[in-house]
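Colleague: My structure is below; once you've seen it, I'll send some questions.
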Number of protein chains: 2
Amino acid sequence: MSPINLAIVGVGKIVRDQHLPAVAKNADYRLIAAASRHGTVDGIDNFKSIDEMLAAVPAIEAVSLCMPPQYRYEAAEKALSAGKHVFLEKPPGATLSEVADLEALAAARGVSLFASWHSRYAPAVEAAKSFLAGTTIRSMRVIWKEDVRHWHPNQEWIWQAGGLGVFDPGINALSIVTHILPRPVFITAATLEFPENRDAPIAATMTFSDAKGLDLAAEFDWRQTGKQSWDIVAETDAGTMVLSEGGAKLSIDGKLVHEEPEQEYPMLYRRFAEIVKAGKSDVDLAPLRHVADAFMLGRRKFVEAFHD
Amino acid sequence: MSPINLAIVGVGKIVRDQHLPAVAKNADYRLIAAASRHGTVDGIDNFKSIDEMLAAVPAIEAVSLCMPPQYRYEAAEKALSAGKHVFLEKPPGATLSEVADLEALAAARGVSLFASWHSRYAPAVEAAKSFLAGTTIRSMRVIWKEDVRHWHPNQEWIWQAGGLGVFDPGINALSIVTHILPRPVFITAATLEFPENRDAPIAATMTFSDAKGLDLAAEFDWRQTGKQSWDIVAETDAGTMVLSEGGAKLSIDGKLVHEEPEQEYPMLYRRFAEIVKAGKSDVDLAPLRHVADAFMLGRRKFVEAFHD
């Protein structure tokens, strides 16, 4: 099979850091164009908009959409309508309803839609899932605390309505949790803390349960300086499981049992090629649904203004 | 077929006003028990909790769950697990994820789950759907403005997190809109107004679109005194359509074309008996998904405190 002619839309930090290196190393793709209001990619044709790009380069077979979620639907609708396969960065959209609409459109056009969740491909996630499948879980705690000034410096879109705030990293935790747990969960209570000058939360706490009464709590906080935490801790009848560093390391009762080099984006692009070849889509909305549920069910609390 | 042995849980205003009269007139049901913390139903066995009721009256085949949405999952999970069919008042739950979980449980148990949307059965809704199917819609405006002090006096749960506030009536509008429009829609922007002393919004404005760029806006407000509005107005190439009084009347270019007596709950119970007999479920989450999307995407604004 010849390589998939790929285009990238929205050339920002995540594209430079992750998408371009992953695509460059994968023989299944040939990157032939990019569209972005500000960024460009060296050595290929660059355009200011997806419309110009799709009109000028009919050879494009698939597009990766990496602009902020508030602008993703329109581009995805154009690409799918033009018969292109679409890779959506996370979160897949600004609303659940628009992504459901895109899924139906992809099915109608006979092309593949991929709602990517990179953290599900973190090195130790599958090992954690296998461990939990054989145990009784007594409790689970999700602690996702990072310094927004370090990880999202001056990213205005993330603080706007629809930008999700601390749920932008938090949805990574939710994508892992929903993948490794044996049963679906749902939020039972939440508190969202909004800086008084921002439209998106800087911190959130949530409790979840499932049909068996699982004890699950999550804490997301963007005000963490010093040590950063992206940890999932489960107390089980087979010991204490710690999935740490965003899914990179797994230890049981303090003993490191799984650690491999990080390969998230290379694996995402492998998965995308797989579904394109198989002629199917991969759209799991559970992580975004939990975020929407948290906003709908959650209590709002106002906290100190945040300035970058 | 012998009547379905029915029980009702959560005996409040909506049960007395709507459920009991509808069930009494429908030969498909025999009401045999009720459970409620405060209310009782004359002439049948009454219990304080669903657990007591299910244990004491094994003949129950179906239950209608009419308690506030924050408490609905637990009761539904118990009823479905006990092999009973379940009728959920609107909204079907406090989160999308818990209702998705109930849907899977009903399927696994081979019983029927009904997420009811009474406004979809308002007299003129089907006529509006038929009219719109043959037109090009230029714009649609949804105006749902009522006096909360009149319609929800001292209903504390409605103001709590998860009680949905003005989206409790507003979801009725969304249930109609999602039923009569030819294509799925999604929210593109929203503003939610929270009284400074409450955890749920008293007003909301939303804009929606669809794959064809539909111009749709909705306005929900609980501060309306004087004339109450539950109207959907569409400008189309076949004239101006006004679906008014919550779906009761339809007029085209000012001419009343459809008006019949209101039969919402009788029709809901007819539909529930139908799905029970057919061995299937009827769970459309689109109205609740739009509410969750509005909370997730919406800008929050604080307004004057509200006191009953």
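Colleague: Would you mind listing the distances between the A:Arg37 label point and the same position in each other copy? Use 7 Å along Cα-to-C-beta, nm, one decimal, shortest first.
Modeller: Ordered by distance, the counterparts are at 4.9 nm.
Colleague: Now for a different question. Over the range A:4-115, what is the relative contact order in percent, taking alpha-carbon pairs closer than 8 angstrom and at least six residues apart? The partial results should precede the final answer.
Modeller: Details: 200 pairs, mean separation 26.3, N = 112.
Reported as a whole number, the value is 23 percent.
Colleague: Stretch A:Ala108-A:Ile44 to full length: gain in nm at 0.36 nm per residue minus the Cα-Cα span?
Modeller: On the way: separation 64, 0.36 × 64 = 23.04 nm, distance 3.09 nm.
My answer for the length gained is 19.9 nm.
Colleague: How far is it, in nm, from the label point at B:Asp147 to the one at A:Arg149 when both lie 7 Å from their Cα along the line to the Cβ?
Modeller: For the pair B:Asp147/A:Arg149, the computed spacing is 5.3 nm.
Colleague: Another question, if that's okay. Beyond 27 Å, what share of the Cα-Cα pairs of chain A is found? Please give it as a whole percent.
Modeller: Values: 20733 of 47278 pairs.
For chain A, the fraction of Cα-Cα distances above 27 Å is 44 percent.
Colleague: Averaged across orientations, what area in nm² does the convex hull of the alpha carbons in the range A:4-115 project? Working shown, then result.
Modeller: Details: hull surface 24.8 nm².
Averaged projected area of the range A:4-115's Cα convex hull equals 6.2 nm².
Colleague: List the trypsin sites (Lys or Arg not before Pro) in the range B:13-48 that DSSP assigns to loop (not H, G, I, E or B) and whose Cβ has at most 13 other Cβ atoms within 10 Å. Which are they? Write out the running numbers ahead of the final one.
Modeller: Working: sites: B:Lys13, B:Arg16, B:Lys25, B:Arg30, B:Arg37, B:Lys48; in loops: B:Lys25, B:Arg37, B:Lys48.
Hits after loop and neighbour filter: B:Lys25, B:Arg37, B:Lys48.
Colleague: Now a separate question. Among all the aspartates and glutamates, which ones have a C-alpha under 15 Å from B:Lys145's C-alpha, if same-chain residues fewer than 8 places away are not counted?
Modeller: Leaving aside aspartates and glutamates fewer than 8 places away in the same chain, those within reach of B:Lys145 are B:Asp168, B:Glu193, B:Glu219, B:Asp221, B:Asp231, B:Glu245.
Colleague: When each copy gets a label point 7 Å from Cα toward the beta-carbon at A:Ala56, what are the spacings between them in nm, shortest first?
Modeller: Its label point is 7.6 nm from the equivalent points in the other copies.
Colleague: Which GluC sites (Glu not before Pro) in the range B:99-198 pass both tests, a DSSP loop state and at most 10 other beta-carbon atoms within 10 Å?
Modeller: Numbers: sites: B:Glu103, B:Glu126, B:Glu146, B:Glu156, B:Glu193, B:Glu196; in loops: B:Glu146, B:Glu196.
Qualifying residues, ordered by number: B:Glu196.
Colleague: For A:Thr225, project a label point 7 Å along Cα to C-beta. Then give me every residue of the range A:278-308 with its amide nitrogen under 15 Å of that point.
Modeller: A:306-308
Colleague: Among the listed pairs B:Lys48/B:Lys301; A:Lys212/B:Lys48; B:Lys78/B:Lys249, which have their C-alpha atoms separated by more than 32 angstrom in this model?
Modeller: Violating the 32 Å Cα-Cα cut-off are B:Lys48/B:Lys301; B:Lys78/B:Lys249.
Colleague: For peptide A:296-304, compute the average count of partner chain beta-carbon atoms within 10 Å of each residue's beta-carbon.
Modeller: On the way: counts 17, 16, 4, 5, 8, 1, 3, 0, 0.
Partner-chain Cβ atoms within 10 Å, mean over residues of A:296-304: 6.
Colleague: Roughly how many whole Å is it from the C-alpha centroid of the range B:1-44 to that of the range A:251-308?
Modeller: When both Cα centres are located, 44 Å separates them.
Colleague: Moving to a separate point now. Taking every alpha carbon pair in the range B:1-44, what does the distance histogram look like in 5 angstrom bins from 0, in percent?
Modeller: 6, 23, 34, 24, 9, 3, 1
Colleague: Excluding B:Glu245 itself, what net charge comes from residues whose Cβ is under 11 Å from its Cβ, given Lys and Arg +1 and Asp and Glu -1? Spell out each step's value before the answer.
Modeller: Values: positive: B:Lys249; negative: B:Asp231, B:Glu259, B:Glu262.
Summing Lys and Arg as +1 and Asp and Glu as -1 gives -2.
Colleague: Which net charge results when you count Lys and Arg as +1 and Asp and Glu as -1 among the other residues whose beta-carbon is under 9 Å from that of B:Leu54? Could you put the intermediate results ahead of the total?
Modeller: On the way: positive: B:Lys78, B:Lys84; negative: B:Asp51, B:Glu52.
Neighbourhood net charge equals 0.
Colleague: Okay, moving on. Quick one: with label points 7 Å out along Cα→Cβ, list the inter-copy distances for A:Ala278 in nm, shortest first?
Modeller: Copy-to-copy label distances at A:Ala278, shortest first: 3.2 nm.
Colleague: Run down the lysines and flag those whose C-alpha is under 18 Å from the C-alpha of B:Lys277, throwing out any fewer than 8 positions away in its chain.
Modeller: Cross-link targets: B:Lys84.
Colleague: Classify the range A:148-216 as rounded, prolate or oblate, taking a ≥ b ≥ c as the square roots of the eigenvalues of its Cα gyration tensor: rounded when a/c is under 1.5, otherwise prolate if a/b is larger than b/c and oblate if not. Display every interim value, and only then the final one.
Modeller: Values: a/c = 3.23, a/b = 1.99, b/c = 1.62.
Since a/c reaches 1.5 and a/b is larger than b/c, the shape of the range A:148-216 is classed as prolate.
Colleague: Taking all pairs of distinct Cα atoms, average 1/r, flip it, and tell me the Kirkwood hydrodynamic radius of the protein assembly as shown in Å to one decimal place. Can you show the working numbers first?
Modeller: Numbers: mean 1/r = 0.0386 Å⁻¹.
For the protein assembly as shown, inverting the mean 1/r across all distinct Cα pairs yields 25.9 Å.
Colleague: Would you please classify the overall shape of the range A:157-299 from the alpha carbon gyration tensor, given that a ≥ b ≥ c denote the square roots of the eigenvalues, rounded means a/c under 1.5, and beyond that prolate means a/b larger than b/c while oblate covers the rest? Write out the running numbers ahead of the final one.
Modeller: On the way: a/c = 1.41, a/b = 1.14, b/c = 1.24.
Judged from the Cα gyration tensor, the range A:157-299 comes out rounded (a/c under 1.5).
Colleague: Grab the DSSP H runs of chain A that are 4 residues or longer, score each as -39,500 (n - 2.57), total them, divide by all residues and round the 222 nm result to the nearest 500 deg cm²/dmol.
Modeller: Values: 9 runs with 90 residues, N = 308.
Calculated mean residue ellipticity at 222 nm is -8500 deg cm²/dmol.
Colleague: Another question, if that's okay. Whole-Å semi-axes of the range A:82-239's equivalent ellipsoid, largest first, each the root of 5 times a Cα gyration tensor eigenvalue? Show your work: numbers first, answer last.
Modeller: Numbers: eigenvalues 141, 111, 43 Å².
For the range A:82-239, the semi-axes come out at 27, 24, 15 Å.
Read the figures in this text as sums done on the coordinates, not as results from a lab. Everything quoted here is computed from the prediction, not taken from an experiment. We place every Cβ from the backbone using ideal geometry, glycine too, and count neighbours over all the protein chains shown.
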